[in-house]
Amino acid sequence: MRPLALAVTTLAALAACRTTDPANDDATLRSHVQERTGTALTAPPASLAGLDDETVAMLRAPIDAETAVRIALRNNRRVQATFERLGIARADLLQASRLRNPVFDGDARFLLDGGTEIELGLAAPFVDLLQRPLRERLAAHEFAAARAMLAAELVQLVFAVRRAVVHAQAAEQLLDLRRQAVVAAGSAHELAVALHAAGNFTDQQLAMERVGESRARLDLAAAELAASEAHEPLQRLLGLWGAGAEWTLAGPLPADPLQGQDLAHAENRAIAASLAIAAHRARLDALAQKARLRSWQQWLPDGEFGASALREPGGDWGLGPHVALELPLFDDGAPARDRAAHALTAGLLEYTQLAVEIRSAARTLRSRAAVLADAARFQRETHLPHREAVVRTTLQTYNAMQIGAFDVLLARRRQLDDEREHVTTLRDAHLARLDLQELLAGSLPRRAFAGLPQTDAAGEPTPPDERGHE
């Protein structure tokens with residue numbers, strides 16, 4: 001039985017061979033996110049039962065965009081799920097390094113004239129051992145692609161939080177301006193009532209001022225609803241509910257959307273940073289390894305090697321090697337090789353097209369951010385001061401008793417209209433900057449790819465039912 005025991009020992013030693021567990025993958029993923037977003041992802045996962053003490057402390061004060069990002073990275077369960085999926089990809093990588101288990105088989109034949117014939121065998125696929133380096137490289141490329149996709153998901157989450165903060169801040173500013181408009185409309189209505197009672201205002205003029213106030217109150221109600229609903233997307237991204245949902249925002253939108261933002265060489269920077277490009281490149285390497293593996297299988301089909309033992313009735317045991325080879329008589333593997341070659345060619349074409357689309361998005365977002373920032377700056381530095389001068393001189397003319405009070409109120413209403421337009425432009429400029437920053441951080445902002453076939457973080461086509469909407 002010594003040859004059989006030696007075969008068992010050899011197969012067990014081969015099966016024990018494996019790659020080193022990539023224990024630093026979590027740290028690598030955290031490093032990628034911090035390097036691309038400027039926010040550290042070092043906090044331990046939050047408890048499913050509630051908020052941790054550090055999150056509670058951050059929520060006590062009004063939160064800004066970066067505080068909101070830190071809360072989301074600590075508390076959003078999808079962040080924790082991302083690291084679990086990284087563990088799944090790591091397990092797939094380790095599984096690829098394992099050899100297939102050996103197969104033990106046994107037969108017993110009970111002869112009619114008495115006695116029993118026993119045959120035992122132990123075999124393992126030796127071709128699997130020869131293909132193991134190719135399979136390991138294939139799995140390593142697929143793992144690199146998966147890690148890039150997961151990093152892109154975390155970057156997308158960070159910028160989704162920042163956009164949600166911009167929407168909420170703008171909604172609160174617009175709400176405040178609507179409140180001021182109600183005050184102005186109410187003052188005009190009160191004045192109209194007094195003038196009408198004195199016989200200096202017609203019924204039609206009074207009705208016009210009354211409907212103006214009611215219109216302002218309806219607009220205020222719409223702004224209140226918009227402000228309330230603008231908080232909910234941020235609420236979901238922060239992963240908050242119950243008492244944790246009682247938070248406030250810190251201040252209005254910053255006046256300069258492009259402060260500290262470098263717009264130079266946006267195309268090349270977007271290509272260099274793109275996690276989609278990195279993931280697609282890793283997948284191309286995986287497809288190349290797969291094509292090479294299929295080519296090897298053409299000349300080296302499946303086979304098994306092991307040992308067998310046979311004992312005839314009343315006789316001694318006989319031992320010997322066992323070899324089994326697949327004969328490619330009906331399937332020579334040509335369709336599989338052809339499929340691998342086409343998949344590699346399609347991947348190369350998609351890779352090139354993805355780079356074209358990223359460059360186009362970089363140009364579009366750079367132009368959009370610059371134009372909107374210039375428009376917001378012009379409104380703030382030129383147009384709004386001009387409008388304020390109109391209100392001031394109108395008030396001076398009223399004090400000189402050359403015009404009526406309604407002219408002053410009309411000038412004030414137009415000033416509030418211009419201020420609302422400025423807040424809207426400023427909001428859009430901040431959103432455009434965040435889109436550009438996300439692209440330069442390696443992610444694919446959905447608004448920049450509107451109208452194009454949807455892709456996931458690695459540039460792979462996404463089924464329609466899986467497409468995200470912002």
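The values are calculated or read from the model by the stated rules, or taken from the named source; none is laboratory data. Here the structure is a predicted model, which is why all the values come from computation and not from measurement. All Cβ positions, even for glycine, are placed from backbone atoms using ideal geometry, and neighbour counts span all protein chains on display. For the accessible areas, the whole protein counts, side chains as well, though only heavy atoms, and no ligand, DNA or RNA atoms are used. Shrake-Rupley method; radii C 1.70, N 1.55, O 1.52, S 1.80 Å.
Within the span defined as segment 121-135, one or more residues are open to solvent by 30 Å² or more (accessible area, probe 1.4 Å) and within 33 Å of the chain's Cα centre (by Cα). When segment 244-256 is filtered for residues that are of a type outside the set (Asp, Glu), closer than 18 Å to Ser228 by Cβ and either in contact (Cβ under 8 Å) with a residue 12 or more places away in the chain or open to solvent by 60 Å² or more (accessible area, probe 1.4 Å) (or both), the ones remaining, listed by number, are Gly244, Trp247, Thr248, Leu249, Pro252. Restricting the search to helices (runs of 4 or more DSSP H) fully inside segment 30-132 and requiring at least 3 residues that are modelled with pLDDT of 80 or more and charged (D, E, K, R) gives 65-75, 77-96. Residues of segment 147-183 that are modelled with pLDDT of 90 or more, of a type in the set (Gly, Ala, Ser) and out of contact with any Ser or Thr (no Cβ under 8 Å at 6 or more places or on another chain): Ala160, Ala164, Ala168, Ala171, Ala181. Suppose the filter is part of a helix (DSSP H, G or I), open to solvent by 40 Å² or more (accessible area, probe 1.4 Å) and touching a helix residue (DSSP H, G or I) at 6+ places or on another chain (Cβ under 6 Å); does Glu209 pass it? Here the answer is no, as Glu209 does not meet what is asked. Selection of segment 257-298 for residues being open to solvent by less than 20 Å² (accessible area, probe 1.4 Å) and modelled with pLDDT under 80 yields only Leu293. Being within 20 Å of Arg283 (Cα to Cα) and among the basic types (Lys, Arg) is not true of Arg109. Right, Ser214: hydroxyl-bearing (Ser, Thr, Tyr), open to solvent by less than 60 Å² (accessible area, probe 1.4 Å), assigned to a helix (DSSP H, G or I) and closer than 16 Å to Asp407 by Cα or not? When the stated conditions are applied, Ser214 does not pass them.
No other residue among Arg359, Arg392, Arg363 is surrounded by fewer than 17 Cβ atoms within 10 Å (Cβ to Cβ), among the charged types (D, E, K, R) and either modelled with pLDDT under 90 or over 30 Å from Ala270 (Cα atoms) (or both) apart from Arg392.
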